[in-house]
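Here, each number is a calculation from the coordinates, and none is a lab measurement. All figures in this text were calculated on a predicted structure; none of them were measured in a lab. Ideal geometry is used to build each Cβ from the backbone, glycine not excepted, and the neighbour counts take in all protein chains shown.
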Amino acid sequence: MKILITGMAGFIGHAVAKHLAAQNVEIVGIDNLNDYYEVSLKRSRLADLSGLNNVRFIEMDIADRTAMVALFAEEKFDKVVHLAAQAGVRYSLDNPHAYADSNLVGHLNVLEGCRHTKVKHLIYASSSSVYGMNDKVPFSVTDRVDEPISLYAATKKANELMTHTYSHLYGLPATGLRFFTVYGPWGRPDMALFKFTKAILAGQPLAVYNSGNMQRDFTYIDDIVESIVRLLDLPPSAAGVPHAVYNIGHGSPVALMDFIRAIEQAIGKQAICDYQPMQPGDVPRTWADTEALFDATGYRPQMGVEQGVANFVQWYRGYYGV
Ligand SMILES: NC(=O)c1ccc[n+]([C@@H]2O[C@H](COP(=O)([O-])OP(=O)(O)OC[C@H]3O[C@@H](n4cnc5c(N)ncnc54)[C@H](O)[C@@H]3O)[C@@H](O)[C@H]2O)c1
C-alpha cells in the first residue's frame, strides 16, 4: 500500500504520517514549506518523521502542474490524503491569490493525478467554515452550505464541488472531511490556542474577538487522525457517485472564555484579555453533527478540552523551552 500525503509538514499531515507509518504502508509526503507561519516548525515536524524508513519527503508545490503529473505517474499511489492548502480565514482577506493557487489549482492537480492513475481512494480536507453563518445547530452534512463568508470557505466548498464532479465523471472514490477547529501538540501558530498560550506565558494581552462571545467545536488532533485512518479504509460505494462528505468534530461547542480558562489552568497563570470586535469572515459558533461519521466508522471523537489543552501546553513548553 502506497499513500501520498500532501501537506505532510503541516499540523494534521505530520500527525497522519506518524500514525500511518506505524502500519505496514509506504508513505510519500509532499509540502512546499511556505512561510505562512514559521517554517522552522514545519521542518521540525519533518525531522520528527525522518527516522521512519517507510516515510519519504519531497519538497513540491501542489500548484506545479508539471511536477504533479510526473509525481503521480512515477509513484502510482494506491490512496491519497490531501491536506495541503492555504488555511486561515483572516489571511484570505489580504492574500486571496494564495487560496486560488493552493486550494483551487492545487486541488485540481490532485484530482487529475488521482483520475489518471486510478487512485483507489482520495481523502481531502474541507472545513467547518463552509457552514458560514448557518444558525441551525448542530451543523449537519445535509444542511445547505451555499453562503460562505470568506474566500477560504468558498475554496473549500469549491473543493467539494470539484471532487463531486470527478467522482461522477471518472468514478473516483473520494471522501471530503469538514474539520472543526483542530488543536493539540505540534499545532498551528496562527490559531487561538497557540497564540493564547504564547501570550499568557509571556504575560502579554491576548486578542479575544467578539468580546469572547464565541463558541467552537474544538477537535483534538488524535481524534482527527483516528477518523482519517478509519475512513481511509472505507471508500464510498461505487454504486451511484462515490463521493462522501463528513463532519470531523468533537460534537460539542465550547465557549471561548471556557477554553481560555482551560489554558490558564494548564499554565497556572491568568490571561490578560484584550476584548476586540468580531473579525470579518469569522463565524460566532461551530458545532458538528457527527452522526454520519459514527454510522460509517463506529467512532466518535473523544478528547475533552481540559486534557487536550493540557497536552498542548506540555508540548509547547517542551518545544520552545518555556
Ligand atoms: N487545523 C484546523 O483547524 C483545520 C480546520 C479545517 C480545515 N483544515 C484543513 O486541513 C488541512 C490541513 O490543515 P493544517 O491545520 O494541518 O494546516 P497547515 O497549514 O499546518 O498544513 C498545511 C500544509 O500544506 C502546505 N501547503 C500549503 N500550500 C501548499 C502548496 N501549494 N503546495 C504544497 N504544500 C502546501 C503548508 O506548507 C503546510 O505545511 C488544510 O486543508 C486545512 O485547510 C484545518
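Residues within the reach of a label modelled at K120 (point 7 angstrom out along Cα to beta-carbon, backbone nitrogen below 13 Å), restricted to the stretch 230-268, are 232-236. Helical runs (DSSP H, four residues minimum) scored at -39500 (n - 2.57) apiece and divided by the length of the chain put the mean residue ellipticity at 222 nm at -12000 deg cm²/dmol.
Percent of C-alpha pairs per 10 Å bin in the stretch 26-158, short distances first: 11, 36, 34, 17, 2.
May I ask you to compute the full-extension gain from A202 to L161, defined as 0.36 nm times their residue separation minus their alpha-carbon distance, rounded to one decimal in nm?
Numbers: separation 41, 0.36 × 41 = 14.76 nm, distance 4.37 nm.
Extending this stretch completely gives an extra 10.4 nm.
Loop-located trypsin sites (Lys or Arg not before Pro) in the stretch 220-311 (DSSP state other than H, G, I, E, B) with a sparse environment of at most 16 neighbouring Cβ atoms within 10 Å: K269. Plainly put, the chain has a radius of gyration that is 0.95 times its Kirkwood radius, both from alpha-carbon atoms, as the Rg/Rh ratio. What the Cβ-Cβ distance of E26 and L169 gives, at R0 = 30 Å and to the nearest 0.05, is a FRET efficiency of 0.55.
If R₀ is 30 angstrom, what is the calculated FRET efficiency for the pair E75 and E147, using the beta carbon separation as r and rounding to 0.05? It would help to have the intermediate numbers written out before the result.
Working: r = 39 Å, r/R0 = 1.29.
Rounded to the nearest 0.05, the efficiency is 0.20.
Over the stretch 266-322, all Cα pairs binned in 10 Å intervals from 0 give whole-percent P(r) values of 16, 26, 36, 21, 2, listed from short to long.
With N set to the number of residues, divide the alpha-carbon radius of gyration of the stretch 141-197 by 2.2 N^0.38 Å and report two decimals.
Details: Rg = 15.1 Å, N = 57, 2.2 N^0.38 = 10.2 Å.
For the stretch 141-197, the normalised Cα radius of gyration is 1.48.
Computed from the Cβ-Cβ distance with R0 of 41 Å, the FRET efficiency linking S211 to V322 stands at 0.90.
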